[in-house]
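Have a look at the structure below before the remarks.
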Amino acid sequence: MTADHKAGTTRDHRVGTNGDPKARTARGSAAGKIVAFVAGAAVGAAAALLLAPKSGEELRGDIADAVNDGAKQVRSAGRNLKQRAQEIVELATDTVKDALDAGDVAYTKAKKA
């Protein structure tokens, strides 16, 4: 039995999910929620612009501004997702390194015994 099982923890607990399978799903669906929010905001903004009584030139300017704002939001969300993915990769790398180190120690002890 591993030390984790004796302590009542799992590997999932060590990587921040507290053993909850829903935590992994929630983290994975965060990107979907962001995309859905941005898409909804864009559709709402487009509908508001198209239904507003404005001249063609003014309406085109408003649409261009809304598209630019949406693009900025998408880029910002992409940067945030990239940063979070990098953090997760670093955490996984550290976990693997720790496991390799523990394996090396166990191998050395077994070899000396």
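What follows draws every value from the coordinates through simple rules; no lab data is involved. The structure presented is a predicted model; accordingly, all values stated were derived computationally and were not measured. Cβ placement follows ideal geometry from the backbone for every residue including glycine, while neighbour counts extend to all protein chains displayed.
Considering region 89-113 alone, what residues qualify as being touching a residue at least 24 places away in the same chain (Cβ under 8 Å) and surrounded by 12 or more Cβ atoms within 10 Å (Cβ to Cβ)?
Result: LEU91, THR95.
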- Message: Here is a list: ALA45, ALA41. Which entry is in contact with a helix residue (DSSP H, G or I) (Cβ under 6 Å, 6 or more places away or on another chain), in contact (Cβ under 8 Å) with a residue 12 or more places away in the chain and not polar (S, T, N, Q)?
- Response: ALA45
- Query: Of all residues in region 59-88, which are without any contact (Cβ under 8 Å) to a residue 24 or more places away in the chain and small (Gly, Ala, Ser)?
  - Reply: GLY61, ALA64, ALA71, SER76, GLY78, ALA85
